[in-house]
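Let me begin by presenting the structure, written as structure tokens, before commenting on it.
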Amino acid sequence: MIEELERAYRRLPRGGTLLAVLVAAHVLLKLALLPKVGHTPFVGDEAYYVDGGKALSNLVRDLVGLGPLDSSELERHVVGSGWFMPGMSALLTPLFLLDPDASTFVIRCYLGVVSTVVLLLTVRTVRRTFGDRYAALLLVFPGLVPMYLLFMYGAWGDLNAGLLVVMLICHLVSIFRQVRKGVGFSLREGAWLGLVGIVIVYLRSSTALLVGGLFLVLFVALVVLLRRRERLRGVGAMALAGVVFIGLLLPWSVAASHTLGGRVVTTTSVPTVLANTFGEYDRICFGPCDPGSTIWFSPLRYAREVARATDGDQVGIQSEMSAYARQDVTPHSYSRDVLGNFYAYALEPAGYNDQLMDPDTDGDTFTYWFVTLLTTLMWYLSLVVLVWVLLLATRRSFESQILSIVLKLGLGALLTQPFIHLASARYWPTAAPLLALALGLWLQVRAERRVAVGVAHDLPAVPQAVGAPTPAAVHRGLYWVQLGLAVASVAVALGILVLAI
Amino acid sequence: MPRNPDASAVVRRVSVGIVSLLAVALVALSPQLGRAEPEGSYRPVLDPPALELPCYPLPEGLTLDFAHQVRTDGDVQVDGDSRRELLVQYDLVDADEVRESLTASFVEAGFTPEAGRGDALVFTRPDTGPVTAEVRQLSGIPADSTVRGTVLLDLPSVPLASDDPICDDPYATKRFPDSWELAK
């Protein structure tokens, strides 16, 4: 097996060279697209993140100057309506410290540089964890997907959150490798895990389910697979991860709850999101909302007006509005809306090029069609890999098994979005880098099938692992976990389809 | 991977040192570089309640003494006459309490109650003629709902009473142009 693998590898250029070429291709293509997106005014939620960055830079100025803090500015522009967590605003803060009046072009260039740095850091982590092939795949998909490159100049947090999710997955797989040998992980690794987790949530709060879910799975694995001192060590490290996560979440939760007068953990948007997605819009404001504005701002203004009239809290009122608007939701209407969301989420990957490029000047140009067609082609191919990885149940190697499980959980958690939220072509960049790992796994499983019937699982036992489940038992268990997750995916998909008919 | 781990560690330490120094310098110098001005489009300042504006006042002396928010205001044509139709939602109390409160407010403002048509309350005063208030509880709300129902007031039309620029803002006065559509 090793010889055949080595022969296969010899046919490829050296990993480092290949990666350098791909990085150069990524940078060149990204620079080529800059003129199309650099001057595009901020679209929708981008305006919040930019304002938040400006307000945070003023906070730093006030702290350094020992001057009074402008808390009303922070409340209005950083907490805002509590719709978003300020991860991207924090990322923009250094720019506004240096250039408080930065132009749109400068802000977009800065975002472009930061996102490429995050991509390269992720590639480095993937290379160390899974090797050159996985790193190269990440640089091709999504690193060379034109629409993804345009999004890299955007102020939304979805894209950077997705890259950090891949870093988190690398970290988890490294930990699982140790756990499999019967060894726990250190407090330092635990703290790092918690830190990466909370940064992801700050960048894109809807990933909270993914981060929380993966932490929970790791915790269960530690308890099941480790024994005695190692179990205590692992649980201690996991507890530290939780402390770091919650400790860094708290300042936001406290500030947002205090400002908005209700209990806010991550964001306040879920009730309005559910109402807009599944409810009847002309009931959200206990009747029609104010005309002339968006489905997001009109209900918000109404909630603020009711809160002022009743001395209540706008967060609680938004929940009441949502419940009233959703009274007539049926399984049929819900599943049809979910299908509509899936369509918007996954089947129009270049849907945002009209927003990020100027349709009047760029609408029918070569670049426009290049971006649209190449993005659509690459994304649709990746959807095949998505379906494959959700259905995969491999017995070949521990490496494949664990990556298969983590990817199923990660992608499954990200794909809950269409079940809750009006979807759009803006959300797939979070999932895209996970699909690069899925593609790598596909190649790996293929190679494993070709070269061997089964890969050995009998690692030499270390003294700490006495009493832990045998490698064969773990191997069987991981197979059944994959099968369970695959069956669950099929059941949910079939359930939604049947209900929608 | 670099071949010499020691060299890699030195490079890393030097890079971290340079980045940290730059960051400290940036933070220390930032107050001298001016102040950023957020635009605030994502958290507009809330307009004052419509009936507290000087734009389209209620008949003199009349106040609504229950928690409420104006939903729409505007003139409609009824039998060739222009009438003011003001739709208000009431909060925290139920319909009976709102009817009692409205009756007390109208009486205090010098109106005389008259026999109503159906559920509508009718009051009259020489300068306004008859005015009506229809109170409707929302159906399908929980007992502790914040918003409980609507009051539709039929009043004499009033001209714009102030040149305050806020009176041009439909979100403040709740007098929306017909061309403004409900978001979808």
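The values are calculated or read from the model by the stated rules, or taken from the named source; none is laboratory data. What you are looking at is a predicted structure, and each value in this text was computed from that prediction instead of being measured. All Cβ positions, glycine included, derive from the backbone under ideal geometry; neighbour counts span all protein chains shown. What goes into the accessible areas is simple: the full protein's heavy atoms, side chains included, and nothing from ligands, DNA or RNA. Shrake-Rupley method; radii C 1.70, N 1.55, O 1.52, S 1.80 Å.
Data for the structure
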read-out	value
Residues located in the range A:198-241, provided they are farther than 20 Å from A:Leu434 by Cβ, small (Gly, Ala, Ser) and surrounded by fewer than 19 Cβ atoms within 10 Å (Cβ to Cβ)	A:Gly236, A:Ala239
Odd one out for A:Gly292 among (1) touching a Gly at 6+ places or on another chain (Cβ under 9 Å); (2) at pLDDT below 95; (3) open to solvent by less than 50 Å² (accessible area, probe 1.4 Å); (4) not in a helix (DSSP H, G or I)	(1)
Matching option when the condition is assigned by TED's automatic domain parsing to the domain that holds A:Ala493 and within 28 Å of B:His68 (Cα to Cα), among A:Ser293, A:Ser257, A:Ser322	A:Ser257
Filter result for B:Ala109 (modelled with pLDDT of 95 or more and open to solvent by less than 20 Å² (accessible area, probe 1.4 Å))	yes
Odd one out for A:Ile107 among (1) within 14 Å of chain B (Cβ to nearest Cβ); (2) within 21 Å of A:Pro433 (Cβ to Cβ); (3) touching a residue at least 12 places away in the same chain (Cβ under 8 Å)	(2)
The range A:68-82: number of residues that are open to solvent by 30 Å² or more (accessible area, probe 1.4 Å) and within 9 Å of chain B (Cβ to nearest Cβ)	2
Those residues of the range B:112-128 which are assigned to a strand (DSSP E or B) and open to solvent by 20 Å² or more (accessible area, probe 1.4 Å), in sequence order	B:Thr112, B:Pro113, B:Glu114, B:Leu121, B:Thr124, B:Arg125
Counted residues, the range A:403-439 - those being of a type in the set (Ser, Thr, Tyr) and within 23 Å of A:Gln355 (Cβ to Cβ)	3
Residues (open to solvent by less than 20 Å² (accessible area, probe 1.4 Å), touching a Lys or Arg at 6+ places or on another chain (Cβ under 7 Å), facing chain A (nearest Cβ under 10 Å) and not charged (D, E, K, R)) located in the range B:55-87	B:Val70
Unmet criterion (only one of (1) open to solvent by 30 Å² or more (accessible area, probe 1.4 Å); (2) under 16 Å from the mean Cα position of the chain (by Cα); (3) of a type outside the set (Phe, Trp, Tyr); (4) under 30 Å from A:Gly467 (Cβ atoms)) for A:Leu187	(2)
Residues (hydrophobic (A, V, I, L, M, F, W, C) and within 8 Å of chain B (Cβ to nearest Cβ)) located in the range A:269-294	A:Cys285, A:Phe286, A:Cys289
Residue, least open to solvent (accessible area, probe 1.4 Å), within the range A:295-316, restricted to residues that are facing another protein chain (nearest Cβ under 7 Å) and under 29 Å from the mean Cα position of the chain (by Cα)	A:Ser298
Pairs where the first residue, in the range B:129-148, is within 19 Å of A:Ala309 (Cα to Cα) and part of a loop (DSSP other than H, G, I, E, B) and the second is modelled with pLDDT of 95 or more and open to solvent by 30 Å² or more (accessible area, probe 1.4 Å), C-beta under 7 Å, 6+ apart	B:Ser145/A:Glu320; B:Thr146/A:Glu320; B:Thr146/B:Leu92
The range B:135-184, residues that are within 19 Å of the chain's Cα centre (by Cα) and within 18 Å of A:Met321 (Cα to Cα)	B:Ser145, B:Thr146, B:Val147, B:Arg148, B:Gly149, B:Thr150, B:Leu182, B:Ala183
Search result, residues across the range A:416-435 that are surrounded by fewer than 18 Cβ atoms within 10 Å (Cβ to Cβ) and in a loop (DSSP other than H, G, I, E, B)	A:Thr416, A:Ser424
Qualifying residue in the range B:105-116 (condition: within 14 Å of another protein chain (Cβ to nearest Cβ) and polar (S, T, N, Q))	no
The range A:317-357: number of residues that are over 23 Å from the mean Cα position of the chain (by Cα) and buried (at least 16 other Cβ atoms within 10 Å of the Cβ)	16
Any hit, the range A:92-101, residues being in contact (Cβ under 8 Å) with a residue 24 or more places away in the chain, within 13 Å of another protein chain (Cβ to nearest Cβ) and under 21 Å from the mean Cα position of the chain (by Cα)	yes
In the range A:377-415, the residues that are open to solvent by 40 Å² or more (accessible area, probe 1.4 Å) and either outside the structural domain of A:Asn341 (by TED's automatic domain parsing) or assigned to a loop (DSSP other than H, G, I, E, B) (or both)	A:Arg395, A:Arg396
Conditions (1) open to solvent by less than 80 Å² (accessible area, probe 1.4 Å); (2) within 11 Å of chain A (Cβ to nearest Cβ); (3) under 25 Å from B:Val78 (Cα atoms); (4) touching a strand residue (DSSP E or B) at 6+ places or on another chain (Cβ under 8 Å); number of the one not met by B:Ile141	(3)
Residue match in the range B:167-179 (condition: surrounded by 13 or more Cβ atoms within 10 Å (Cβ to Cβ), out of contact with any Asp or Glu (no Cβ under 8 Å at 6 or more places or on another chain) and away from chain A (no Cβ under 14 Å))	yes
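Yes or no, residue by residue, for (1) of a type in the set (Val, Ile, Thr); (2) modelled with pLDDT of 95 or more:
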{"site": "A:Leu149", "(1), (2)": "no, yes"}
{"site": "A:Met152", "(1), (2)": "no, yes"}
{"site": "A:Ile198", "(1), (2)": "yes, yes"}
{"site": "A:Phe215", "(1), (2)": "no, yes"}
{"site": "A:Leu222", "(1), (2)": "no, no"}
{"site": "A:Arg231", "(1), (2)": "no, no"}
